[in-house]
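Here the structure comes first, spelled out in structure tokens, and everything after it is commentary.
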Number of protein chains: 2
Amino acid sequence: MARSGPFTLHCTSSECGARRGEVKTRHGTFQTPVFMPVGTQGTVKAVTPENLKEMGAQIILGNTYHLFIRPGHELIKKFGGLHQFMNWDGAILTDSGGFQIFSLKELAKITEEGAAFRSHLDGSRLFLSPEDAVMVQEALGSDIMMCLDTCIPHPADRKQTIESTDLTTRWAERCRKAHRNRDQLLFGIVQGGMYPELRERHARQLTEIGFDGYAIGGLSVGEPKEMMYDIAEAVAPQLPEHHSRYLMGVGTPEDLVEGVRRGIDMFDCVMPTRNARNGTLFTSTGKVVIKNARYREDQRPLDERCNCYTCRNYSRAYLRHLFQSREILSYHLNTIHNLHYYINLMEGMRQAIEQDSFMAFRKDFYGRLEGE
Amino acid sequence: MARSGPFTLHCTSSECGARRGEVKTRHGTFQTPVFMPVGTQGTVKAVTPENLKEMGAQIILGNTYHLFIRPGHELIKKFGGLHQFMNWDGAILTDSGGFQIFSLKELAKITEEGAAFRSHLDGSRLFLSPEDAVMVQEALGSDIMMCLDTCIPHPADRKQTIESTDLTTRWAERCRKAHRNRDQLLFGIVQGGMYPELRERHARQLTEIGFDGYAIGGLSVGEPKEMMYDIAEAVAPQLPEHHSRYLMGVGTPEDLVEGVRRGIDMFDCVMPTRNARNGTLFTSTGKVVIKNARYREDQRPLDERCNCYTCRNYSRAYLRHLFQSREILSYHLNTIHNLHYYINLMEGMRQAIEQDSFMAFRKDFYGRLEGE
């Protein structure tokens, strides 16, 4: 067991890159590999903090861009930070806002100084520098802050990728300097597009600056799955062993398994929550599209192997009825199930790594999916 | 203490018509006066059965019309009834479908035989006779069933009111005959429009047929408040003392207080749940329209006197943020608060009647409302 800063590495798989560890924060220590439910606007959509606790969520993600625009980081600071504002006493990671600003496309303009953009709510002109991004996240009081990065469209040529990645490096240096409250951890974000050698070069540059943890950004942006896995596989070993590694915005249950296999410790994605509201539910035997007529009289729980509140108490037929009727309870029950599925999958992987049986777990996982 | 069938009368106010009692059902005994949250489509919108239990709900209402159309009473019967389908083990009252069918207006046609109507979902032609209404409610397995009644538009002339009320009497007789499962209680519905003497006549007719309880229908249909109170005051004493009295579809907190004062035991209304979703919240000092800018930085709970989950854990500013952001959690937290307010108000009235201090409670209630 070795330790360096907030991350403690408990053990590593003998078969692959999978690692079992933990990250210490101001709001408790979370076990890795971990999945972080996304709480964009100061709430994980359709569930309460108590629901999150019951399903075993240890850390959630907040979106700096959204909170900056509404209700504003200054207001949240007055309430003692995001934890108190939203009544969540577990850990919180905030993104930097960079990804959302890039998603605004023509509403955003990137310069050396920072990102100028227009609010998607009222069109007002706003600006976020790397220093602002840190200051806003300090006001939000998150446990883990992310550097402001630039995102590279896919596909992008080598020249464009280098320019964008070098700007991210300069911004990372500025974020590091602006980082005053060392109780809040600051993570760097590795970019470099789909060029493994640019990724490796960027990983070295960020490591030289030195962060509390490292993220891999700019993936899951439209590239083929295999390319994403290859980049993760190339970058992870380039990152310091005794720091946590976070694969941003990824992904499907299969992506989580493949990420852990390649040495990733942290994940976030809107997929379980968004799919829940769209009626697509994850189960140990594959996806269930709950509006399907085949579930009309189905008295079984969504997933016979699941122990969540939804599966303990409701039938597929009832969940279908709620979804067809557009009842708010549908979104609530579906979200509880999908998040529980993701969190439980991570718990299974953590146990498998401890027992050094990760590849057997992975085989079982795929075997059950194909069994349906 | 006198008893007659399912209703037990504990005590009566010495100052007014207010009564304290209880109603025994297959799913527990509920204390009266009681407010019944409305669960139209097999769920009280935006809350779980556990939330309802925590706030002290004893009995909820299900809408026969909606469940008949979707998912269908036969499907619910296969699941062992509505209680099991929706995972609620407290008492359930189902309406007859009559009020909803009348609300369809040109989509409905009333004959001696019953109500022909078109589904609001797909326009399909449907028919509900008094016997069907009982059969459907038996399939749903509710604890209290309502007779199919005809609703009188407001205003309506005397002739039209007599014709419609007499048809309701004939339908009530047919419902009584069709009522086989005596474990499920059957209530009659007093109509008679805004004519006190027709109301009294109808109350006598229904009492002669004999039901497990009596409802006052056809109020809160656009008439002035005072007229509604006058009708309730005229009808209540005409109903058998040792049977429960239910004022259908009423109303505001003030209406509940005025109804109890006049001897009403049971109430239902969509107001607390619908207003919650519209951001209008009931508090001991009056209504709070949560989107109002004055609550932007308000760190206080919605109601300092409220002990509900929402008030224990969240600020007005956070509730405003959720509402402005159209977050599902907004509907959930607002609904919990509004229903808790209604249920707690009834609990306060029950205690006041026990202590024979109902009129002092009423004075306090209005005093606080005006204090804001």
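The values are calculated or read from the model by the stated rules, or taken from the named source; none is laboratory data. These numbers come from a predicted model, not from an experiment. With ideal geometry, Cβ positions are generated from the backbone for all residues, glycine too; neighbour counts draw on all protein chains shown. Heads up: the accessible areas ignore ligands, DNA and RNA and are worked out on the full protein's heavy atoms, side chains in. Shrake-Rupley method; radii C 1.70, N 1.55, O 1.52, S 1.80 Å.
Annotations for the structure displayed:
- Only beta bridges with both residues in the protein assembly as shown are counted; by DSSP, about 50 percent of them are antiparallel.
- Cα gyration tensor shape of the stretch B:1-109, rounded if a/c is under 1.5, else prolate or oblate by comparing a/b with b/c: prolate
- Magnitude of the charge dipole, the stretch A:233-361, Cβ model with Lys/Arg +1 and Asp/Glu -1, debye to 20: 780 debye
- Cα centre as origin, Lys/Arg/Asp/Glu Cβ charges: the stretch A:1-138 dipole, Debye: 160 debye
- Residue (of B:Q351, B:T335, B:F323) at the positive-pole extreme of the stretch B:303-372, dipole from beta-carbon charges: B:F323
- Calculated SAXS-style log₁₀ I(q)/I(0) at q = 0.14, 0.21, 0.26, 0.29 Å⁻¹ - the stretch B:64-106, Debye, Cα scatterers: -0.37, -0.72, -0.94, -1.05
- With the label put 7 angstrom out from Cα along the Cα-to-Cβ vector, B:L121 ends up 3.7 nm from the copy partners, going from closest to farthest.
- Across the identical copies, how the A:G371 labels are spaced - nm, sorted shortest first, 7 Å along Cα→Cβ: 6.2
- Relative to one another, the C-alpha centroids of the stretch B:306-372 and the stretch A:32-59 are positioned 28 Å apart.
- With 23 Å as the limit, the listed pairs A:K225/A:K363; A:K225/A:K287; A:K109/A:K159; B:K78/B:K105 have B:K78/B:K105 beyond it between alpha carbons.
- Here the translational diffusion coefficient of the stretch A:96-233 follows from Stokes-Einstein with Rh set to the Kirkwood radius across Cα pairs; for 4 °C and 1.567 mPa s it amounts to 85 µm²/s.
- A:Y195 long-range amide H proximity, modeled H, under 5 Å: none
- Across the stretch B:347-355, coupling constants 3J(HN,Hα) worked out from phi with the 6.51/-1.76/1.60 Karplus curve, θ = phi - 60°, read 4, x, 5, 4, 5, 5, 5, 4, 8 Hz, and Gly and Pro carry x.
- With Cα atoms, 0 to 90° folded angle of helix B:358-371 axis to chain B main axis: 50 degrees
- Rounded to the nearest 5, the antiparallel percentage of DSSP beta bridges internal to chain A is 50%.
- Ellipsoid equivalent to the protein assembly as shown - semi-axes via the Cα gyration tensor, in Å: 58, 28, 22
- For the stretch A:265-372, the ratio of Cα radius of gyration to the globular rule of thumb 2.2 N^0.38 Å stands at 1.11.
- Per residue, the accessible area of the stretch A:1-77 comes to 33 Å², computed with a 1.4 Å probe over protein heavy atoms only.
- For the stretch A:6-23, Karplus couplings with θ = phi - 60° (6.51, -1.76, 1.60), whole Hz, Gly/Pro x: x, 9, 10, 8, 7, 6, 10, 5, 7, 9, 7, x, 4, 10, 10, x, 8, 10
- Total charge dipole magnitude, the stretch A:290-372, about the Cα centre, Cβ charges on Lys, Arg, Asp, Glu only, Debye to nearest 20: 340 debye
- Note on chain A: helix-only mean residue ellipticity at 222 nm, from DSSP H runs of 4+ residues weighted -39500 (n - 2.57) and normalised by residue number, equals -12500 deg cm²/dmol.
- The stretch B:1-89: relative contact order in percent, alpha carbon pairs under 8 Å with at least 6 residues between: 19 percent
- Share of Cα-Cα pairs in the stretch B:156-243 lying beyond 21 Å, as whole percent: 28 percent
- By the Kirkwood approach, averaging reciprocal distances over each pair of separate Cα atoms, chain B gets a hydrodynamic radius of 21.1 Å.
- Accessible area in square angstrom per residue, the stretch B:132-287, 1.4 angstrom probe: 34 Å²
- On Cα atoms only, tilt of B:130-140 relative to the major axis of chain B in degrees: 50 degrees
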